[in-house]
Amino acid sequence: MTTFCKFDIPAFTATVRKKAKLLLAIAATAIITACGSSTSDIVGEYSVQGKNGLEPTLRIEKADGKLAVQEFHNGNWRAIQGPVNDLTKEQAQALFGRAVSESVSGISTKDFALVHVPSNWSNKDFPTTTGYLLVSMLGPVELHKVK
């Protein structure tokens, strides 16, 4: 007994194309979400460890799709002028003086970078338990995200 298998190649191809388009749409959404989250985890208020406990230092807010940075100075919050940009992998590598394979996100201004790295991360002789760093020309300072 001979059995013939009827296989509709054009219909199969159309189905594969539809599924491929769906997978591409899902992948694109995931990529856009991942890229957009680089600054969402940086929004908040940060303090440094002082002699008498945590001292307010920076506040990062997002309004109308833009980030605004404020510094705590003489008991008041004041806006930092100038552009605030997402920290690129190249900038992070330049800050740390080495290739970066870890998950790193953050922002940069003309004066400093606020960097989020994994908790208990270290670079050369600078460890961080919180995963938040303020890096300027003076070097890195560990920050505590308080809000």
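The values are calculated or read from the model by the stated rules, or taken from the named source; none is laboratory data. This one's a predicted model, so the numbers in the text were calculated from it and none came from an experiment. Methodologically, a virtual Cβ is constructed for each residue, glycine included, from the backbone with ideal geometry; neighbour enumeration extends over all protein chains shown.
Annotation: of all residues in segment 93-120 being assigned to a loop (DSSP other than H, G, I, E, B) and touching a Pro at 6+ places or on another chain (Cβ under 9 Å), the one that is nearest to E45 (Cα to Cα) is T109.
Pairs are defined by a Cβ separation below 8 Å, a sequence spacing of at least 6 or placement on different chains, a first member in segment 78-95 that is over 15 Å from L114 (Cβ atoms) and surrounded by 13 or more Cβ atoms within 10 Å (Cβ to Cβ), and a second member that is among the hydrophobic types (A, V, I, L, M, F, W, C) and at pLDDT below 90; the pairs so defined are Q93/A99; Q93/V100. Within segment 96-111, the set of residues being of a type in the set (A, V, I, L, M) and buried (at least 20 other Cβ atoms within 10 Å of the Cβ) comprises V104, I107. Collect the residues in segment 121-147 that are at pLDDT below 85, outside any strand (DSSP E or B) and in contact with a Gly (Cβ under 8 Å, 6 or more places away or on another chain), keeping them in residue-number order. The answer is K124, and nothing else.
Of the residues that sit in segment 72-98 and are more than 13 Å from T57 (Cβ to Cβ) and among the β-branched types (V, I, T), which one is modelled with the highest pLDDT? So the residue we want is V84. Is it true that T57 is part of a loop (DSSP other than H, G, I, E, B) and in contact with a Ser or Thr (Cβ under 9 Å, 6 or more places away or on another chain)? The answer is no for T57.
Residues are listed down the side, and each one gets a yes or a no for (1) in contact with a strand residue (DSSP E or B) (Cβ under 8 Å, 6 or more places away or on another chain); (2) at pLDDT 85 or above; (3) surrounded by 11 or more Cβ atoms within 10 Å (Cβ to Cβ):
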| residue | (1), (2), (3) |
| --- | --- |
| T13 | no, no, no |
| K19 | no, no, no |
| G36 | no, no, no |
| G53 | no, yes, no |
| Q70 | yes, yes, yes |
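Within segment 70-90, being part of a strand (DSSP E or B) and over 16 Å from S105 (Cα atoms) holds for Q70, E71, F72, H73, N76, W77, R78, A79. A99 passes every criterion in (1) within 21 Å of E55 (Cα to Cα); (2) free of Cβ contacts under 8 Å to residues at least 24 places away in the same chain apart from (1).
Among the residues of segment 56-68, none is identified as exposed (fewer than 10 other Cβ atoms within 10 Å of the Cβ) and of a type in the set (S, T, N, Q). Among the residues of segment 112-138, those identified as over 16 Å from L87 (Cβ atoms) and either surrounded by 10 or more Cβ atoms within 10 Å (Cβ to Cβ) or in contact (Cβ under 8 Å) with a residue 40 or more places away in the chain (or both) are S119, N120, S122, F126, P127, T129, T130.
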